[in-house]
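Let me begin by presenting the structure, written as structure tokens, before commenting on it.
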Amino acid sequence: MITDAATFIREETRLQPVPHAPEISLHVADEATELWKRTEEELGEIGLPPPFWAFAWAGGQALSRYVLDHPETVRGRRVLDFASGSGLVAIAAAKAGAAEVIACDIDPFSITAITLNAQANDVHVSPMKADLVGRDEGWDTVLAGDICYERDLAARVADWLLSLSRRGATVLIGDPGRRYLPKDRLESLACYEVPVTRTLEDAEIKRTNVWRFKPGSRRG
């Protein structure tokens, strides 16, 4: 059984530069299915969510690249990285000069991974284990990578993010063309060719956009 999540993560991953944002290094796994199986065995639970925290997903890589190249989107601001996973986007925001960065996720392994990855990159990020959808704590910038892979989740999150955008927050979404992305309400700010893991994405390169809501967008 896992008694120390930090030790488990260190043993099951390697600290490596992120392909599309090499300024940042993450503890990442070599193979998703094996790590997923190992986590379930160690915890004695079947049906756990995939280890999203152990990989640099395309949407997060694109969003991180955009933030690093456009630091004005976060500099001096209170930033929320929603569904943070590994903490990649949160770390990019911290490196780009954010005043405060909150990285939220509902997976306890993610919270530990965020802490380890922030330490490895010598930045301060505040992990938060919570589902923040529907809440507004006055963030200036809200960043969300790869959140549109399930219909119900995508609809719920998109409406919430739109409400934050309409009250004045800068809301940026990184997405490589997931099925439930509400493209009719979005406009692209940048497009990148992002290296990814073939076993996860069935490709080695994913064309990935950073999006924002169009002015006048309405809830779905």
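With a Förster radius of 41 Å, plug the Cβ-Cβ distance of residue 30 and residue 136 into 1/(1 + (r/R0)^6) and report the FRET value to the nearest 0.05. Before the final figure, lay out each step's value.
On the way: r = 39 Å, r/R0 = 0.95.
In this case the efficiency is close to 0.60.
Treating only the Cβ atoms of Lys and Arg (+1) and Asp and Glu (-1) as charged, compute the dipole magnitude of the chain about its Cα centre; round to the nearest 20 debye. Write out the running numbers ahead of the final one.
Details: 26 positive and 33 negative charges, 233 e Å.
Once rounded to the nearest 20, the dipole reads 1120 debye.
Want the number for residue 163 to residue 15: 0.36 nm per residue separation, take away the alpha-carbon distance, what's left?
On the way: separation 148, 0.36 × 148 = 53.28 nm, distance 3.67 nm.
Length gained, residue 163 through residue 15: 49.6 nm.
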Could you pull out every one of the lysines with an alpha carbon less than 22 Å from that of residue 214, ignoring same-chain neighbours closer than 8 positions?
183
Residues with amide H under 5 Å of residue 84's amide H, sequence separation 5 or more or different chain, H placed in the peptide plane at 1.01 Å from N; which?
104, 105
Would you please state which residues of segment 101-115 a label at residue 149 would reach in this model, taking the label point 7 Å out along Cα→Cβ and a backbone N cut-off of under 19 Å?
104-114
Please go through segment 108-165 and write out the trypsin sites (Lys or Arg not before Pro) that DSSP classes as loop and that have at most 14 other C-beta atoms within 10 Å.
135
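Can you figure out the FRET efficiency of residue 106 with residue 193, using R₀ = 35 Å and their beta-carbon distance, to the nearest 0.05?
Numbers: r = 31 Å, r/R0 = 0.87.
It comes to 0.70.
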Residue-wise HN-Hα coupling along segment 120-133, computed from phi with Karplus coefficients 6.51, -1.76, 1.60 (Hz; x: Gly, Pro)
5, 9, 6, 10, 9, 10, 9, x, 9, 8, 6, 9, 8, 4
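Determine the gain in length on full extension of the stretch residue 156-residue 70; use 0.36 nm per residue of separation and subtract their C-alpha separation, reporting nm with one decimal.
On the way: separation 86, 0.36 × 86 = 30.96 nm, distance 2.79 nm.
My answer for the length gained is 28.2 nm.
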Show me, bin by bin at 5 Å from 0, the whole-percent P(r) of the chain based on Cα pairs.
1, 8, 16, 21, 21, 17, 10, 5, 2, 0, 0
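FYI, it's all coordinate maths here, none of it is from the lab. All figures in this text were calculated on a predicted structure; none of them were measured in a lab. Every residue, glycine among them, receives a Cβ derived from its backbone with ideal geometry; neighbour counts consider all protein chains shown.
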